[in-house]
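Report on the structure given below.
The values are calculated or read from the model by the stated rules, or taken from the named source; none is laboratory data. Because the structure is a prediction, the values reported are computed rather than measured. Quick reminder, even Gly has a Cβ in these numbers, built from the backbone with ideal geometry, and neighbours come from all protein chains shown. The accessibility values were calculated without ligands, DNA or RNA, using every heavy atom of the protein model including side chains. Shrake-Rupley method; radii C 1.70, N 1.55, O 1.52, S 1.80 Å.
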Amino acid sequence: MARFVLRRLVRGAVALLLFQTLIFALVQALPYDFSAFFIVSPSLRAFIREELGLDRPLWEQYARWMWGFVRLDLGRSFLYWPAPVSRVILSRLPRTLLLFLPAAVLAYLFGIWLGKEIAWRRGGMLEVGASLFSVAAYTSFAPWLGFVLLNVFGWYLRWLPYQRLVNPNVWFNAPVTVDRVLIGLLGTGGGLFAGGLGLWWATRRITDPLLRRAARIGGLTALGVAAWMGWNASGIGPLAADVLAHLVLPLGTVFLLSFGETMMTMRAAMLDSLREDYVLTARAKGLPGRVIRDRHVARNAILPVLARLALSLPFVLVGSLVVERVFMWHAMGQALFDAIEFQDIPVILGILSVVGVLVLLAHIVLDVLYAWLDPRVRYPRGE
Amino acid sequence: MSEGTVATQHTYVPLWRVRLNLFLRSLRTNWALFAENPIGLIGLGIIIFFGLFALAHPILMNTVWPSKIYDPVSGYDMEVAFHPAPPSPRHLLGTDPLGRDVLSQLMYSTRYEFALGILSAVVTVVIATTIGAVSAYYGGIIDTLFMRLADLVIMVPFLPILIVLSALTEVGMIELALVIGILSGFGGTTIVIKSQALAIKVKPFIEAARVSGGGDFHIIFRHLIPNLLPISLLYMMFVVTGAIFSEAVLSFFGLTTIQMSWGIMINTTQLFGYLLRFDTWWLLIPASLAITTLCAAFYLVGRALDEVVNPRLRRR
């Protein structure tokens, strides 16, 4: 097992090196450089280029960048000079995570549940309806979906505020920054999610289904009330409420855009594992349908779907430029777009390489998990 | 017993006719399986509708639509006072801010969306099937090389790469199709097809072909790849969806040099500030709905094909 992990790590390191070289080459291929955006005298332009290190030979820039990357130093942003790239990324992180992480998790949970249901009740109108709706949502053009939601809920029904991150009237003379509130909300959300999981884990041994359900619902309500009280006591509750109100529409858009694929994958995986012999055995034992569906079929079908979730989570970091544009929620996607537009090379490289590292880590963790669960994977054939 | 009766008993049937019959028979069975699923039929219906939609445009331009008014790129209707004009009998879907007919633009763009989707799907499938078959067949260093390359390609977020490329060169339809095709051909699709090829490689008929003296080239191209084609066709559908979608997003941000497409129509709407206004719905909704329905149609057909290709997903 240790040898397996080591081999995966070495392979990952090689892949990372190649990936860094690839994105460096790609960025170098951009037509002009950052200094071209200043209308200044040639001598001043030369000074800017010298200051940014753009006048050095390519191999030296590459070596410098790689050496910095190894020491976890991503360099300084050109556009926000002299802020380090890591600070630019960190400043966009809360709003990216607050929007795209809950959306991804919710979409996966809902997609898994719906996929399970329609695969179990195959051939009904529910299947056709759910498939058509989810695929239509999945292939919706994001600006259009955002437009429809904005018009219906923001403009026509006036239930929700539209556009921008916050309402300036509420935030006038606010004692804290937006990012602080976003981080607090993220912490609350993470705490609630972890608390919910813990509750599910703690109550799974209660045999009486009625009691178990009561304990779960009671626990969740207590968690929710605790979070509510905490925000009320903090004195910045209205600010958080404002952020949340602005969050609903973009979150709904990302959710609608992404749950369909999970649903279809889960459906196919369910149909696949329905054919297994142990399902027939379970039926022959006379187990109730719900138990067969949840304990026998879905348990096995969920593995490939969760693997996809792990592989797609790193891309949450890039976010979705389109959704960010439509809702004016300027997060990482917008930062990357700006960086490309203004040739802010360190920021482009920084964001892409952070995503690359996370994807790679997800791959390695998944490989190791699979190898741990299934010994056949550990030893390649013929070894 | 004369010579003639013997000859009629052993009539010579040419090989191509045997193959054609086999092909038609498998087509009939597969069609029956495909038609079982209403989702796939709905998708196919939408694709056929768009096909007819695209074909109708040149006919309309040559008969009822004078090209000075209805040309999708350079037309202008002088007799309408204000552009964008709402839908009317003269312009069934209204006009855009530059005075061009929206329906004509929509129909004109359809053929390019098809061309883009199909070209990038074909490029993807040719690359992915060849690489998948070759690296599954030979294994070893070739396999490692291509699979590590695939790992590398799927690490890169798709859209930023396209944005960088569009800053790099002029990105038209063909360049875009090639880039999408190459990126998805070397990336995720290869991995799926290779794992399928591994399953086929150990089948007895491959061994039989090898025993009867078939070379590597013969086995790969006459035995391995034909059996991979169904799953390749399935992935083609998903690539078409992705390609049309990427074109729309890139054009929406004004990063392509395409003259007219559904994404460009939405880009024009945005440039003139009509994007989030409900009173000029005809500028946004027809193009967006077209993108969504065509993408969804290919996706649905792909999902329905999945059930034809993969017997484990079929109904008992």
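Structure values in brief
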read-out	value
Charge context of B:Gly302, other residues only, Cβ under 14 angstrom, K/R +1, D/E -1	-1
Summed buried accessible area for A+B [probe radius 1.4 Å, Å², rounded to 100]	4800 Å²
Buried on assembly, region B:151-185 (at least 50 Å² less accessible surface than by itself, 1.4 Å probe)	B:Leu152, B:Met155, B:Pro157, B:Pro160, B:Ile163, B:Val164, B:Leu168
Most fluctuating residue given options B:Thr189, B:Thr256, B:Thr63, as computed from a GNM of chain B linking Cα atoms under 10 Å	B:Thr63
Accessible carbon and sulfur surface of the protein assembly as shown relative to its total accessible area, %, 1.4 Å	68 percent
Dimensionless Rg ratio for chain B, taking C-alpha atoms and the 2.2 N^0.38 Å reference	1.26
Accessible area in square angstrom per residue, chain B, 1.4 angstrom probe	48 Å²
Column: log10 I(q)/I(0), Debye, Cα scatterers of chain A, q = 0.06 Å⁻¹	-0.32
GNM result for chain A, Cα springs below 10 Å: residue of A:Phe47, A:Phe110, A:Phe24 fluctuating most strongly	A:Phe47
FRET efficiency for B:Trp16 and B:Leu198, using Cβ-Cβ distance with R0 set to 56 Å, rounded to 0.05	0.95
Loop-resident sites, region B:80-129, for chymotrypsin sites (Phe, Trp or Tyr not before Pro), counting at most 12 other Cβ within 10 Å (DSSP)	B:Phe82
Burial of 40 Å² or greater, region B:259-303 residues [accessible area, probe 1.4 Å, versus chain by itself]	B:Leu276, B:Phe278, B:Leu284, B:Thr292, B:Tyr299, B:Leu300, B:Arg303
Region A:87-212: relative contact order as a whole-number percent, Cα under 8 Å and 6+ apart	32 percent
Whole-number Å³ per residue for the convex hull built on Cα positions in the protein assembly as shown	252 Å³
Per residue, in Å², the accessible surface of region A:262-383 once ligands and nucleic acids are set aside, probe 1.4 Å	45 Å²
Residue-averaged [θ]222 nm for chain A, counting only DSSP H segments that reach four residues, each worth -39500 (n - 2.57)	-24000 deg cm²/dmol
Delta accessible area of at least 30 Å² on complex formation, residues of region A:140-159, 1.4 Å probe, chain isolated as reference	A:Phe141, A:Pro143, A:Trp144, A:Phe147, A:Asn151
Spin-label pair B:Ala32/A:Leu9, simplified geometry with 7 Å Cα→Cβ offset, distance in nm	5.8 nm
Per-selection Kirkwood Rh - region B:124-166 (Cα, Å, 1 d.p.)	11.6 Å
Accessible area per residue, Å², region A:2-70 with all protein chains present, probe 1.4 Å	63 Å²
For chain B, size of Cβ-based charge dipole, Lys and Arg +1, Asp and Glu -1, in debye	1180 debye
Options A:Ala215, A:Val326, B:Gly45, ranked by Cα towards positive dipole end of the protein assembly as shown, top entry (Cβ charges)	A:Ala215
Peptides ranked, highest mean first, by Cβ atoms within 10 Å: ranges A:320-327, B:45-52, A:290-297	A:320-327, A:290-297, B:45-52
